[in-house]
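Let me begin by presenting the structure, written as structure tokens, before commenting on it.
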Amino acid sequence: MPGPPRRSRTRGVGLLALAVLLGAAAAAAAEPDRRVVLLLANGDEARRETLVGAIRAQLGDLPVGIVVERAEGSTEKLRDRLDLAAGACKKHAAMGAFFLEAELADDLIVYLVEPEAKRALVRRIKKTQGAEQAGVEELSLVVRSTVGALLEGREIGMEQGPELAPKPPPSVAPAPIAPPPVPPRDAPAPRPPDQSRARLDAHYAGESYAPEVGWQNGLGVELSASMDGLLFFGLGYVASAPVEAERDAARVRVGRYPVRAFAGYEIPLDRLRFVGQLGLIGELDRRSTTKTAGGVAPTESDDQLGWAVSPRVGVRYDVGQRTSVGLSVGADVFLNVSEYVVDLPSGRETLLTPYRVRPRAAVGIAVDLW
């Protein structure tokens, strides 16, 4: 009869489907949701395979997945190796990343970097000459105990290693600052060019007055003012002894009282100044006859006003903040001159003949009042 065999085949297909579903569920349940990363530096391929095989064998019974990666890029510096391990740990959402160094001649080194750790952990395993496999087994045991501690939340038996702090930015040395220029030690303080000031000048004055007498000496004083420190206007006076000339018939004395108004311009060159002046002199000459010979009657004393143009050039040197010394030369060109004579029965005798152009020189000191 066809009925019973058909039901038996249907029950068999259902049991098979149920078994497949249970197997898939069991496989899914068995698949670990935790993983670690093994990061190996570039080196001998056979040595890397040996290390990975030993670690897989030790972790085979633990509920953890293993991700194996090769270190890409430069790994010469420890800082770069730890950065690669930290990046791989975050990339695979792993409990930790192990960076394995097996290329050293004397040691096997393993570094552990955890996701939230601020410092790497390190373990160094000493190689024994001729027993390299023993070192590999010891390293795999270290990895197993470390992974077990990670799964159970226990303290990890590794030493504290380098910090995982960010790389410091390259230091940039500040640009050197040039020191301020040192002012000259003895140089006077500069004055503003638009500052008005007054100057008092005292000087020795010498002049060639007439051929009948020698070089005339006097003491001069000048007071000048300027609005810009370059163009000056002033007044001056020279006090000198009276000029005396004598012959057998008579002796004459001439007192001179010159007042000079001038304008000057100065060209500064550091502490030295070149000076040019043009002045106008009004000179009062007071004549008196002090002696006459027998038979000669003296004339009454009289006064005469003379006028002269007075150009001068010179130099001035600053010896202090407000003090300077100067030297000048020039000539007084008189527009009117008079001779001093004696009228005798035998004729006229000249006592004094002033020069129309009178060379002169001066040297002195000046003080700026303000």
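The values are calculated or read from the model by the stated rules, or taken from the named source; none is laboratory data. These numbers come from a predicted model, not from an experiment. We place every Cβ from the backbone using ideal geometry, glycine too, and count neighbours over all the protein chains shown. For accessibility, only protein heavy atoms count, side chains too; no ligands or nucleic acids. Shrake-Rupley method; radii C 1.70, N 1.55, O 1.52, S 1.80 Å.
At-a-glance table
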| item | result |
| --- | --- |
| Amide H contacts of Leu352 (H built 1.01 Å from N, under 5 Å, at least 5 apart or other chain) | Tyr340 |
| For Arg35, distant residues with modelled amide H under 5 Å away | Gly65, Met95 |
| Accessible area in square angstrom per residue, the stretch 223-370, 1.4 angstrom probe | 55 Å² |
| √(5λ) per eigenvalue of the Cα gyration tensor, the stretch 259-370, largest first, Å | 42, 14, 12 |
| For peptides 270-282, 306-318, sequence by mean Cβ density within 10 Å, most packed first | 306-318, 270-282 |
